[in-house]
Amino acid sequence: MDLFMAISLLFLCFIFFIYKSYLQKRNQNCYLLGYECYKASDDLKLDTETCGKLILRNKNLGSDQYKFLLRTMVNAGIGEETYGPRNVIDGTEETPNLSGSLSEVDDIVFGTLDKLFDNNGVSPSEIDILVITISMITSVPSLPARVINRYKMRDDVKVFNLSGMGCSASVIAVDLVHHLFKTYMNSFAVIVSSESLIPNWYRGNERSMMLPNILFRLGGCSLLLTNKSSMKHKSLMKLKLSVRFHGGASDEAYQSCTRVEDSQGYCGFSLSKSLPQAAAKAVTMNFRVLLPKTLPLRELVRYATVSFLHSKTNNNKGKTPSLNMKSGFQHFCIHPGGRAVIDAMGRSLGLNEYDLEPTRMALHRFGNTSAAGIWF
């Protein structure tokens, strides 16, 4: 009898463990139900003619700076229909104000959220997690509080306000929600990503700080995610794996993109020459974790074999062996940070023009919209 009870108890414990593991795995799903990208009105378009007038309007520039900016504009890969901040279009970039900055953010945030809720049939009161990633403006009440007040969200909504993470903020927010879904079951999450350009348009003449004026444009996005298995059939995508590497301990990476004042007191973003190297290192460190989990075993074995033979027969000379990324990935969504960034990523990943076309066209049509860029 005692033996029967012991076996029964062990069997029940085993069943309980299996059921608990099943529930945990089921609730660790992360589905993208929908997303909305911001498209500004036509009166905010920054075509070549408008950009030329804007450059000539800056009295702090000399002939060398004019030539540099014009050359950079031609080679940037940005088209005629990107959108700029209102104060730049109106010619008041010398005197940015808080009301204009908040109006710009409200237009992006509320405009995309209104469409997101309407198109997906989800009420703001159903949202359990709210993540805002808008770095370059601070308001009181906070930006998440503005969203909660506008849509009268529940008082138990979990709120996260990420700042200072630049172009990677939206992907980092998805990773954050993915981890939160392991704790909060049957939940809806909303992510809003953008940047505020009005108070951050550079008006000086430092070359490293003039580049963002050429590349960065008005944009934003809102995402709706869930871990509800019942919503699986309505989802656009399912997150398989997320990897995050933080290179802030490296001085090279830490100083690659900074918000500073120049010698004349003008505030802006400084992009250092070490930025491509820092980005390449971050990609490499992510791939060390990502690729063994995503590429097929045959490709990993092939790469290991070819690399070994290369080191033994060629004395490390000649073309270095590389992984075939297409053996594990069907599509590549590269951040449209600029033509040089896209070209470098394409070469390092062994991609052709067909693979890079979505990124190039996003850059051409909308420019670098920071954290929202990959969703365009």
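Kyte-Doolittle mean at least 0.0 and Cα extent at least 27 Å along the axis: which DSSP H helices of the chain qualify?
Answer set is 2-26, 98-120, 275-294.
Can you tell me the dipole magnitude for segment 50-111 around its Cα centre, using point charges on the Cβ only (Lys, Arg +1; Asp, Glu -1), in Debye to the nearest 20?
Using Cβ point charges on Lys, Arg, Asp and Glu, segment 50-111 gives about 400 debye.
Rank by packing, highest mean first: peptides 265-273, 85-93, with packing defined as the count of other Cβ atoms within 10 Å averaged across residues.
85-93, 265-273
Evaluate segment 258-376: find the radius of gyration of its Cα atoms, find its Kirkwood radius, and give the ratio Rg to Rh.
Using only Cα positions, Rg/Rh for segment 258-376 is 1.07.
Hey, what's the per residue convex hull volume over the C-alpha atoms of the chain, in cubic angstrom?
Cα-based convex hull of the chain, divided per residue, equals 204 Å³.
Cross-link candidates for K238: which lysines have Cα within less than 21 Å, leaving aside residues fewer than 8 places away along the same chain?
Qualifying lysines at Cα under 21 Å: K25, K182, K228, K293, K326.
Just report the Cα centroid separation between segment 90-168 and segment 194-219, whole Å.
Answer, in whole Å: 21.
If you build a Gaussian network model of the chain, linking Cα atoms that sit under 10 Å apart, which residue out of S163, S139, S63 swings the most?
In the Gaussian network model the winner is S63.
Under a cut-off of 27 Å between alpha-carbon atoms, report the lysines in cross-link reach of K273, not counting same-chain residues fewer than 8 places apart.
K273 reaches K59, K67, K281, K319.
Select from L98, L215, L223 the residue whose mean-square fluctuation is largest in a Gaussian network model of the chain (Cα-Cα springs shorter than 10 Å).
The residue that fluctuates most here is L98.
Taken together, the values in this text are just the output of simple stated rules run on the coordinates, not laboratory data. Everything numeric in this text was worked out from a predicted model, so none of it was measured. Using ideal geometry, Cβ is built from the backbone for each residue, glycine included, and neighbour counts are taken over all protein chains shown.
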